[in-house]
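The values are calculated or read from the model by the stated rules, or taken from the named source; none is laboratory data. Keep in mind that this is a model prediction, so the values were computed, not measured. Here the Cβ positions follow ideal geometry from the backbone for every residue, glycine too, while neighbour counts run over all protein chains shown. Heavy atoms of the whole protein, side chains included, go into the accessibility calculation; ligands, DNA and RNA do not. Shrake-Rupley method; radii C 1.70, N 1.55, O 1.52, S 1.80 Å.
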Amino acid sequence: MALGAWYLDLHECRHVARSTDTHLKSSSTVSPPSSIMRSTHASFTRKVEEMKPSKSDINWVIMDYLVSEGYPGAAEKFAQETNLPGPVDNESIRERVRVRNAIHGGRLDEAIELINEIDPEILDNNHLLHFHLLQLQLIEIIRTVLAKPGSNPAATDFLPAIKFATEQLSPRAPTDPKYQQALERTMALMIFPPEKMTPEFKELLDEELRRKVAVDVNKAILESRGERSEAKIRQLIKARAWAEQEAKAAKVDLPAYIPLGLDAADELGGVDGDAMVS
Amino acid sequence: MADTLGAIYHMGSMEALPEVELEAQATAIRKLKNEIVGHDQRKERLVCDGVVDMLVGVLSSHQRTTGSRKSEANGPAPATWSWTQKDEVRLQATFIVCTLANGGAAFIPPLLAAGVPQVLMDLLAQTTAPRLRTATLQALWNIVSAWSALQEDPGEAVSAVRTDILTKQGIEVLSGILRSTLADGAHNQQLQLRLIADIVSVSATTEAIKVLLCQSPILDQFADFLAAHSIASEHVEYYGDTLRPPLSTPATITKMMSAICTIISGSTYRAHRFFLSPTIRDLFTQSWLASSDQRHLFGARHGFASTGEPLLPLLHIPAYGTTTHHYGSRAFPAMAALQNQERRGHSVFESITQGGDVDHVNAVCRWLLLLARSMQGHSRLVALKLLALVNNAVDADSFDVGHRSEYMQKNRERKKQIALLGVPLAAKLVQVASEGRSSGRDRSAEHDDMLVKEQACDVLALLVRDSDELQVAAVDAGAIKHVCPILKKSFDPVPLAKPMWSARRIPGNADPASLPPTRRPGSQGLPLETLHAMRCRQGALQALAALAEKEDVHRKAIVEAGVVPCIFDSLKPFPPDYSTDDKRRGQVVGPKDGNTTAVLLAACRAAKTMARSVSLLRTSLIDAGIAKPIFQLLHHADPEVQLAATDACINLLLEFSPMREDLIAEGVVKTLCSQAKRCGPGSANGDLRLRVSSLWALKHLMSASPREIKIKTLEELGSGWLIGVVRGEQQHAREYVSAPGGGVSVGLSAPNAAGERVDLLNPQSSGMDVDVDEADPLAEDDDEQEYGNDDACANDEEGDGEVMFDISSSTHYQASQLRSTLNNHHHPPTSPTATQVPAFNSRRYLSSVRAIEQTPAVRAQQAEVAVQEQALDFIRNLLNGEDCASMFDHLLQLIAGARIFEVLTEKLVPVAIDPATGSGGATTSTRPIYGPSALIISTVNILTHIANALPRHKQLLIAQKPLLKAWLPHFNHPDRKVRVACVWAVNSLTWIDDESDRRDARQRAQELRACGIEGAVRRLLGDEDLDVRERARTGVRQFEQL
């Protein structure tokens, strides 16, 4: 079990290694635009080759990713392999992992309690996030009813869901249209049988929603500790996209397509991902 | 929920409980916490059920149980901290306090009624567990922040409710935490630092708390963090060894700067205390390896090049003139008469300003500029605010030192740098706020944007206040263009959050008054959206007030932006029947319904500065009907609002103001007179500002008014009262002067007629040697005491006795010459231009700044002088104009002539004889000390008016021998305005009204000659001032014609 988790983590980190690398090359090349103006595609790729970001920088970015996205095991192993100092506060990473696992597993009440244990300020001040978690919990209650064998659940089966919605979600609903709409849609899940649902309702039952909320929760916890709410690499990728867009708008001579190295299609483009993993 | 509560109650106090039950208690409280987090309605119910008492019980039982192992908060945390169940219970209870306080203003009254802040502070003093400490600080911060929103609520008289967190002990605890290096991870430490800074910056609202904070080490500690941050970010190269930089994140630094701003705001002394704090001094004296002073590298020309490369853009600021023409342009000396730059009420500063260390001040300002430039958004704004506070404090302290050109030039450099590098940054932030640009989408960025919106205008106003140069710079950077939309926008209706829904009816407590205060939630206060609009509005009005302060062009631009109606709307308070409880009945208070007190104050200020324009008074301001709301505000319950409204009235009552008639019709005379008389004459320490402003307004009303108005006003005030005010507290002043031990000598504080600025505390020493000795009432229980008395300094003073001013020598009439004489005495070989103050001693300097600001006697004296000046000017304007003669006759009827002249003589004679002089060397003659020049000018002007009345009045005046005798020394007054006034009066006296008066006029001239006044006028023919020379020439001609 533990081994499996580690594997999964390592896979993540390879993934990252590739993307960071390409990214760093491209962004640092774009920075002096005046020289690029005069360069050709060939010189662009040459410049990319010339830029050798330091290994330790890349490792730092990977480490940062592992810590902020919550992969304590991988972070520890990665620290050993690269001689980087290990994550300072392993316990806080594990806290976040527990919260994330609870959300992924659909155990929302547990997740809420865990968050409140870390810092009650998080949910007390971020009403939207709190509402999302409660909405997810309502969805889970409905899901269990829908999942029951038998074609049509009786109306009374939904009573716990209605009670939960009345007590937990509806007080907030009139304060903002976005709450109201979310609540109405969620309640509609009790009306339509799953197979007749339109995509907008179906996505509520999709487990992807849990993942989305889990990411938000992770961000909020990091923010509450005054840390960066996002892994550095996400910012770097955004910066890269922005720079590319700006450069193209300024009519800088760039290759039409600069691979990011994240998708399988990119790898076909010649970047040999595995070679870059330490 | 109620049953959980009951269960917790039943468990009883913690000490008796075994571990198992403690665990159950912890679980129960945790469950309660999970119930209410994010659910405001449940919080309210819980409070009604009595949760607050339960929390106090749980939290304070802690103190009893842990009394034995009470560890000081100051010491380092024990290496092995074992987390006990008791700690867990406390942690969960603290979390509940956090959550309740997050519920908003409504929860503050019950929490305060139960004394929760105090309990938390005690807890903080005793715990070292990092988690518990963080949670406690968080709870305190939540309480304080909700409390501060409540302060702005106009409906409640809650300003009396205090949190009592920043008591002497409380501050010690916080400072202890700042000092301790926490064994805990960096995260908790930073969070704690931030929370402490936040608590300080929001709850230090009163002067008393700020003074306490300033006395505690906390201000220096914040300064240390700031300095350490600068070293870490390589703004300065630092070679000293006293700084041990603790690491702190940029967010923490911002909060600390904002805490510093709060502490030092409102006091020149505290601002000095900040930038002269040891680490900040060190920062700029230890930033090079060589032993010589390299601080010029921080200068404009070198662009803060401590690390080798210039960090600020280089500026070449041409040297200004070299001498004493600070009264105006050298090319047009006559303009000097129109450009009086002397600032009121600061004359006492003069004697010590030369001790100020201008290089250090400049380095600090540049450093703050650098900090602002290196930051973004709200952090940048806070850095600019700190810069503004420091710069203003320096300005307040360094007026009228024109005779030291080097000093002037350095001051100019600082001003210029701020104008070119600081003001545009602030204006840019105002633009960002005005355009509603967002810096990001996450919550912290949104919060940052909101703070910028609320504070950008305010900071701009603070930065450019009192300086026309900076005001022009701000307008050049587009300030008016961006401020006005903010003001307009603040009146837009905002979508207010709708109330929450509840399945149950909110239990209508039959009679809320029957509940104990700890179970009774208060009102929710203004909606947050409305509060935000109010803060934006207040800031925008402040900015307009500051921009319109000096330049008429700016005022016109503001009018053209179409915001005068907005100023009008901002003068309207919330209706008296307003109450936030109405919200329950569905009535919600929006931004158009009224204005908070802060907005009213700012609007009055804006109206005041806008009304300085004559043309606007006659056009847009009268069109907007600005007089009526201001008149109504004169009756506002808040004394500060009354004062601001009175100030705004002053300009509306000028003779060319079309609003004068309306205001008189409304009954402004009666109101102002009763305001002027309100504070009893016996209350020397009372707040005299309202009296000054009211008299000022009445004084304006007197000029060129119809006779009936003048007589009616005089009647309303009462001539006896008026004379009483003019005579003032002079007797008190005399007593101070003769106080033994050379302590506080108030009468000495102002420039005397002989021209010497007499040192406030130690009359016989030079400005540098000011020290607070034991006779100073302030020396007790203050932070300076630990430094002890400087013996060397005391000896210095002894030796100074012989450097006395000799009244018979005419060469000593200029303060500058006197100063150089003193300096030459100390350092005979140095040339006058190179004369430097001895090594700067910041402690002594600080104590002198403080003595001037905080000595009650000095402050009372300043207020008293201001009142007397206005009262004298009131009489002066009363006598001015066509009906001068009849008004004087009227005055003579009310008050006996002898009495009037007696009072006027009193103003001219020396207020004291300096007793210390006798102890000096050769000179045994005593040195007279005269009243402040403002009073002398007013008095002499009254003489001019009397002399301008009928011939018999002239004769009456000339018969006053003691008056003439007292008048004589003032012909040599160092202030040119006094000299001009004196000559004018003589000119009036020697004027021949008609043929029948010729004989009398000749006799008057003889009298004047006999008492030496003619000679004095002749001597003024060689005066340095053109205006004085010209008047004197007329005077001499008139003498000769007789």
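Tabulated values for the structure
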{"read-out": "Of all residues making up the stretch B:697-749, the number that are modelled with pLDDT under 50 and either outside any loop (DSSP other than H, G, I, E, B) or on the phi > 0 side of the Ramachandran plot (or both)", "value": "14"}
{"read-out": "Residue check, A:Arg98 outside the structural domain of A:Ile142 (by TED's automatic domain parsing), within 26 Å of B:Arg133 (Cβ to Cβ) and modelled with pLDDT of 90 or more", "value": "yes"}
{"read-out": "The stretch A:144-182, residues that are under 25 Å from the mean Cα position of the chain (by Cα) and surrounded by fewer than 17 Cβ atoms within 10 Å (Cβ to Cβ)", "value": "A:Lys178, A:Gln181"}
{"read-out": "Count of residues meeting criterion [open to solvent by 30 Å² or more (accessible area, probe 1.4 Å) and in contact (Cβ under 8 Å) with a residue 60 or more places away in the chain] in the stretch A:96-108", "value": "2"}
{"read-out": "The stretch A:167-223: number of residues that are among the basic types (Lys, Arg) and within 14 Å of chain B (Cβ to nearest Cβ)", "value": "3"}
{"read-out": "Of all residues making up the stretch B:868-893, the number that are in a helix (DSSP H, G or I) and either crowded, with 23+ Cβ neighbours inside 10 Å or under 40 Å from the mean Cα position of the chain (by Cα) (or both)", "value": "16"}
{"read-out": "Failed criterion for B:Thr181 (all others in (1) modelled with pLDDT under 85; (2) among the β-branched types (Val, Ile, Thr); (3) open to solvent by less than 20 Å² (accessible area, probe 1.4 Å) hold)", "value": "(3)"}
{"read-out": "Count - residues of the stretch B:29-54 that are within 14 Å of another protein chain (Cβ to nearest Cβ) and either at positive phi or part of a helix (DSSP H, G or I) (or both)", "value": "16"}
{"read-out": "Residue pairs meeting the criteria (Cβ under 8 Å; at least 6 apart or on separate chains; first within 12 Å of chain A (Cβ to nearest Cβ), in the stretch B:243-267; second part of a loop (DSSP other than H, G, I, E, B) and modelled with pLDDT of 80 or more)", "value": "B:Pro250/B:Met375; B:Thr254/B:Met375"}
{"read-out": "Every residue from the stretch B:962-1005 that is in contact with a Cys (Cβ under 7 Å, 6 or more places away or on another chain), of a type outside the set (A, V, I, L, M) and open to solvent by 40 Å² or more (accessible area, probe 1.4 Å)", "value": "B:Lys965"}
{"read-out": "Residue match in the stretch A:146-160 (condition: under 30 Å from B:Leu528 (Cβ atoms), touching a residue at least 24 places away in the same chain (Cβ under 8 Å) and either away from every other protein chain (no Cβ under 14 Å) or part of a helix (DSSP H, G or I) (or both))", "value": "no"}
{"read-out": "Only listed residue being farther than 23 Å from A:Glu223 by Cα, in a helix (DSSP H, G or I) and of a type in the set (Asp, Glu), chosen from A:Glu95, A:Glu167, A:Glu91", "value": "A:Glu167"}
{"read-out": "Selected residue [more than 14 Å from chain A (Cβ to nearest Cβ), at pLDDT 80 or above and over 29 Å from B:Pro573 (Cβ atoms)] from B:Val472, B:Val452", "value": "B:Val472"}
{"read-out": "Matching residues, the stretch B:1027-1042, being modelled with pLDDT of 90 or more and among the aliphatic types (A, V, I, L, M)", "value": "B:Val1028, B:Ala1032, B:Val1036"}
{"read-out": "Test: residue in the stretch B:5-23 that is more than 19 Å from B:Arg131 (Cβ to Cβ), β-branched (Val, Ile, Thr), surrounded by fewer than 21 Cβ atoms within 10 Å (Cβ to Cβ) and modelled with pLDDT of 70 or more", "value": "yes"}
{"read-out": "Positions within the stretch A:224-244 being within 13 Å of chain B (Cβ to nearest Cβ), crowded, with 16+ Cβ neighbours inside 10 Å and more than 11 Å from A:Ser68 (Cα to Cα), in sequence order", "value": "A:Ser224, A:Arg225, A:Gly226"}
{"read-out": "Scan of the stretch A:171-218 for residues that are modelled with pLDDT under 90 and of a type in the set (Gly, Ala, Ser), ordered by number", "value": "A:Ala173, A:Ala188"}
{"read-out": "Yes/no for A:Leu136 being open to solvent by less than 30 Å² (accessible area, probe 1.4 Å), more than 12 Å from chain B (Cβ to nearest Cβ), within 28 Å of A:Arg225 (Cα to Cα) and not charged (D, E, K, R)", "value": "yes"}
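Okay, residues lined up against (1) polar (S, T, N, Q); (2) more than 12 Å from chain B (Cβ to nearest Cβ); (3) under 25 Å from A:Asp206 (Cβ atoms):
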{"site": "A:Asn59", "(1), (2), (3)": "yes, yes, no"}
{"site": "A:Tyr65", "(1), (2), (3)": "no, yes, no"}
{"site": "A:Asn101", "(1), (2), (3)": "yes, yes, yes"}
{"site": "A:Glu110", "(1), (2), (3)": "no, no, yes"}
{"site": "A:Leu114", "(1), (2), (3)": "no, no, yes"}
